[in-house]
Every structure is written in C-alpha cells, then in structure tokens.
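Everything below concerns the one structure shown next.
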Amino acid sequence: MNLNVRSTVVASWHAIRHMIAAGGGSIINTASIAGLQGNPWPRDRAPRD
C-alpha cells in the first residue's frame, strides 16, 4: 500500500511544479469507498507491495 500512497504524492508533487509555472490548477485525488465497508477478503481488496 505504501507504493500506491507514495506514487500519488510524487505524481502530485510533479504536477504542482507545472501548475505553479502555469499560474494555477487543481489536483483531485480519488479513492474507493470499499474501505468503509468490511468484507471477508480484505487482503484481496487492498493493493499489494
């Protein structure tokens, strides 16, 4: 899971540099709501490192 979080942060960081140079912009990060509900196979639903 660390890889997925880190890749989102790094991609956003690179985008921010371009957005500042362009005068602004927006970043919208989305996630699944599947984590709000329990299920019998949590490992199969989570990203793997």
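Can you give the FRET efficiency for Ser26 and Asn2, using 1/(1 + (r/R0)^6), R0 = 35 Å, r = Cβ-Cβ distance, to the nearest 0.05? List each step's numbers first, then the result.
Numbers: r = 26 Å, r/R0 = 0.73.
The computed FRET efficiency comes out at 0.85.
Going highest first, how would you order 3-14, 19-30 by mean Cβ packing within 10 Å?
3-14, 19-30
Since every read-out is calculated from the coordinates, none of them should be taken as a lab result. Here the structure is a predicted model, which is why all the values come from computation and not from measurement. Ideal geometry is used to build each Cβ from the backbone, glycine not excepted, and the neighbour counts take in all protein chains shown.
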